[in-house]
Every structure is written in C-alpha cells, then in structure tokens.
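Only one structure is covered here, and it is reproduced in the block below.
Every number here is computed from the coordinates shown, using simple stated rules; none is lab data. Owing to the predicted nature of the structure, the values given are computational and were not obtained by experimental measurement. Positions of Cβ are backbone-derived with ideal geometry, glycine not excepted, and every protein chain shown enters the neighbour counts.
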Amino acid sequence: MKMVAILLAAVLVSGCLSGETRQWGESEPERPENSSDVSNVVEEVSQNALEAPLVFTHEIFDPDFASHITPLGELNGGYSEAQTIGGVMVNLKPEAYANNNEIEVRAPTDMILERYAYWSSGGEKGWVLHFRVSPDVVLKYDHITRASDGVMDATTRTPSSDSRDQFLTKPLAVKAGEVVAYTSGTSLAHNWNIYLTDATQENNFANRERLTKDEAGRRLLTARCPFDFYPEDLKREYMDLMGYSRAGQSQTCGTASRDVSGTLSGMWHFSPDAETGLREELDGIYASPLSVFRNSAGETVVHQVDNRRLDIQADEPTNKDPAKITSEHCYRTDGGYAFFKVVSATEMKFAYSDSGSCPSALPASSKTYYR
C-alpha cells in the first residue's frame with residue numbers, strides 16, 4: 001500500500017484562474033468520495049510498474065496523419081501559455097481533418113484515466129484527458145475533439161462552462177491500443193497537444209527552486225518526451241516528424257527547459273523571489289513568465305510582450321541565438337524592436353517598442369526580469 005500512497009500523492013493539479021496576477025496550481029479538483037475504487041485500480045498499476053520497465057507498445061496516433069510535431073520547449077512559453085513548452089504539438093495534415101474527419105487517439109500502454117475536462121465556450125467544445133501510466137508517469141492529451149464512448153460513460157456527456165479538471169468518481173482502466181478519443185485538433189490550426197511527466201527525471205532549469213513551488217512548475221520540471229518509452233523503430237516514426245514548422249527541422253524531441261545559465265535564453269520572471277513560483281503577472285505591455293529561445297526553424301521567439309508573440313525570422317539580420325547573448329542585444333521586429341540586456345546569471349532587462357529602430361543603448365523604460 002506504500003506505492004498506492006505515493007501514487008495518490010503524485011496526482012497533478014491544473015485549473016483556470018483569472019486576474020492580472022495568477023498562481024498556478026492553487027486549486028485542486030474535488031477528489032472522488034469512493035477512494036477504495038481509486039486505491040484498487042492504482043494498486044494494480046503500481047504492481048504492473050514494479051514487474052517490468054515501462055514500454056509503450058501501441059501508437060498514440062498514426063504518424064501518417066501528421067505534417068510535423070513541434071518539439072518540447074518550442075511552443076510559446078510565456079504568461080498563461082508558459083505550460084505549453086512542457087509538451088509536444090501534433091500538427092495534422094489537411095486530409096486528416098477534411099470533411100470533419102477525426103483521427104484516432106489511443107492508449108500506448110495499459111493506463112488509468114484519473115482526471116478529465118470537458119468544456120464548451122463560444123460554440124466550441126473540447127476534452128482534456130489525464131492518464132496515470134505508472135506511479136511516476138502521467139500522460140495528458142489536450143485539444144481532444146471527442147472522447148470515446150467508454151470514456152464518456154465513465155465521465156460525462158455534458159460539457160462544463162469552464163475547463164477545470166474533474167476527478168472520476170471511479171477511475172477507468174484502459175488497455176494498450178484502446179481508442180480513447182478522436183480529434184481534429186483546434187478549430188483553426190488543427191493541432192493538438194501531448195504532455196508527459198516523469199517524476200524520476202528533472203529538466204535543467206537555471207533556478208530549480210522556483211519550479212518546485214507550484215504544480216505548474218513541477219510539471220515543467222518533470223516534463224519528458226512522450227515518445228521516449230517506445231522501442232526504437234516506433235520512436236523513429238515520430239522523431240522523423242520533429243520540427244517547429246516542418247518535419248525534419250529537429251533531430252530531437254526537445255526539452256521543456258531552454259534555460260542556458262549566463263545567457264538570455266530561457267524563462268524569466270518579474271519577481272526575484274523563487275517562492276512566487278511561476279506566478280502569472282502583467283505590468284503594462286510586459287508579462288511574466290517570459291520565454292526567449294531559438295526554435296528548430298532558426299527563429300528567435302519572445303513570448304509574450306504586448307499581448308503577442310514575437311517571431312524573429314531566421315533571415316532577419318538582427319536574429320541571434322539567445323543562448324549566445326551574454327551582454328546586450330537588440331532584435332528588430334515588425335515595425336519596432338526588442339532590446340535585451342543580461343545583467344547577471346539571474347537578472348536581465350527588457351525594453352520593447354512596436355515602432356522605431358533599435359536604440360544605441362537600453363531605454364530607461366525597460367522592465368527587469370529574474371530567473
């Protein structure tokens with residue numbers, strides 16, 4: 001029963017909060033009252049995990065339906081979308097969603113559906129599914145169009161007005177290869193996300209302590225490529241699709257942390273106090289967290305400022321890898337500029353303008369950020 005206690009304590013929390021200052025992971029969905037059912041199923045998963053190393057035996061989705069997969073650490077990464085760098089994004093080919101088609105989403109191994117969200121907003125509906133794979137591993141599917149009948153029978157057929165997670169009254173065990181959902185991705189871009197966390201490993205963030213203060217931080221700290229658990233032949237099918245804007249741009253699955261100590265690259269925050277965790281804040285046009293990194297297309301991404309993402313194109317003369325910036329540098333943007341100055345390994349300053357040319361020195365109106 002010791003492993004059961006570990007599993008129950010490892011349940012991850014997520015939710016939607018509002019306001020200009022937000023702390024991720026402050027609220028937790030209500031747990032089911034029938035804890036004996038939870039314990040019995042969790043104990044079964046624990047025993048299976050102890051008997052053999054974790055191996056994914058079935059495709060999560062047919063790779064022929066994807067144009068490319070955006071690697072870990074390359075999707076936004078700032079303010080309310082900081083958590084997206086902890087997952088991969090599957091970009092569907094037009095034929096995969098034409099004529100209202102949906103692709104099948106499967107269980108790569110035996111696992112348990114622990115939590116879900118089924119929401120409706122602005123005429124759109126969507127699912128988020130959280131599966132316990134082992135005592136240490138959780139797999140999450142996001143931007144799911146439709147859950148399977150088995151999942152709906154165990155959860156709900158009525159969407160909620162918000163996207164907060166709910167625990168199942170009775171956890172649902174699914175078998176390897178079982179279809180658990182169908183998706184055509186988001187309504188405009190037709191992509192969807194896969195997140196996996198593994199408590200046995202950690203990513204290398206410049207200020208690890210900050211990532212331990214809330215559930216959102218811990219998810220980024222333990223984020224891992226969902227294809228790592230496949231045999232090499234199955235893994236290669238997905239790895240060949242890696243790239244920010246097209247397949248083949250990246251030879252790896254990426255990493256959730258783009259932090260390079262002593263440089264501009266990575267995630268930054270308003271507060272120098274690690275106890276604030278990954279708190280979301282706005283100060284005028286500036287936002288926290290802020291991520292600055294080079295993606296596999298050779299672009300420099302700044303997310304976010306002035307309620308938008310800056311993409312410094314690969315052929316832009318001022319485009320320089322943030323991992324090589326140790327003092328100051330100014331990027332030319334569409335109509336304006338983004339000026340950065342690395343003060344120390346734990347502090348930098350940022351000035352943005354949507355008009356004008358790069359100044360000769362950092363403007364006095366700059367905003368200070370910390371690791």
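Scan region 173-184 and give yes if some residue there is surrounded by 15 or more Cβ atoms within 10 Å (Cβ to Cβ), more than 19 Å from the chain's Cα centre (by Cα) and over 30 Å from residue 71 (Cβ atoms), otherwise no. Yes, some residue in region 173-184 is surrounded by 15 or more Cβ atoms within 10 Å (Cβ to Cβ), more than 19 Å from the chain's Cα centre (by Cα) and over 30 Å from residue 71 (Cβ atoms).
Condition check for residue 58 on (1) surrounded by fewer than 24 Cβ atoms within 10 Å (Cβ to Cβ); (2) at positive phi; (3) not in a strand (DSSP E or B): one failure, at (2).
Hey, can you tell me all the residues within region 302-329 that are under 19 Å from residue 369 (Cβ atoms) and part of a strand (DSSP E or B)?
Taking region 302-329 as the starting set, the residues that turn out to be under 19 Å from residue 369 (Cβ atoms) are 302-310, 312, 320-329.
Passing the criteria: 302, 303, 304, 305, 308, 309, 310, 312, 328, 329.
When residue 84 is evaluated against the numbered criteria (1) over 30 Å from residue 307 (Cα atoms); (2) among the polar types (S, T, N, Q); (3) touching a Leu at 6+ places or on another chain (Cβ under 9 Å), which criterion, by number, is the only one it fails? Checking residue 84 against (1) over 30 Å from residue 307 (Cα atoms); (2) among the polar types (S, T, N, Q); (3) touching a Leu at 6+ places or on another chain (Cβ under 9 Å), the one that fails is (1). Within region 184-213, restricting attention to residues that are acidic (Asp, Glu) and in contact with a helix residue (DSSP H, G or I) (Cβ under 7 Å, 6 or more places away or on another chain), the residue that is nearest to residue 279 (Cα to Cα) is 209.
Tallying residues that are buried (at least 20 other Cβ atoms within 10 Å of the Cβ), under 18 Å from residue 77 (Cα atoms) and touching a residue at least 40 places away in the same chain (Cβ under 8 Å) within region 311-346 yields 2. Just one of the listed residues (184, 120, 163) is among the hydroxyl-bearing types (Ser, Thr, Tyr) and closer than 26 Å to residue 234 by Cβ, and it is 184.
Mind counting the residues in region 65-88 that are under 25 Å from residue 279 (Cβ atoms) and of a type in the set (A, V, I, L, M, F, W, C)? Step through it out loud before you land on a result.
Residues of region 65-88 under 25 Å from residue 279 (Cβ atoms): 72-87.
Those still in the list that are of a type in the set (A, V, I, L, M, F, W, C) too: 72, 75, 82, 85.
The qualifying residues number 4.
Each row is one residue, and each column tells you yes or no for (1) touching a residue at least 40 places away in the same chain (Cβ under 8 Å); (2) assigned to a loop (DSSP other than H, G, I, E, B); (3) acidic (Asp, Glu).
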site	(1), (2), (3)
162	yes, yes, yes
171	yes, no, no
186	yes, yes, no
195	yes, no, no
200	yes, yes, no
204	yes, yes, no
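Listed by position, the strands (runs of 3 or more DSSP E) inside region 63-158 whose residues that are more than 29 Å from residue 201 (Cβ to Cβ) and polar (S, T, N, Q) number at least 2 are 111-121.
Can you run down the residue pairs with Cβ atoms below 8 Å, 6 or more apart or on separate chains, where the first is in region 347-361 and under 15 Å from residue 322 (Cα atoms) and the partner is in a loop (DSSP other than H, G, I, E, B) and among the polar types (S, T, N, Q)? Qualifying pairs under 8 Å: 349/366; 350/366.
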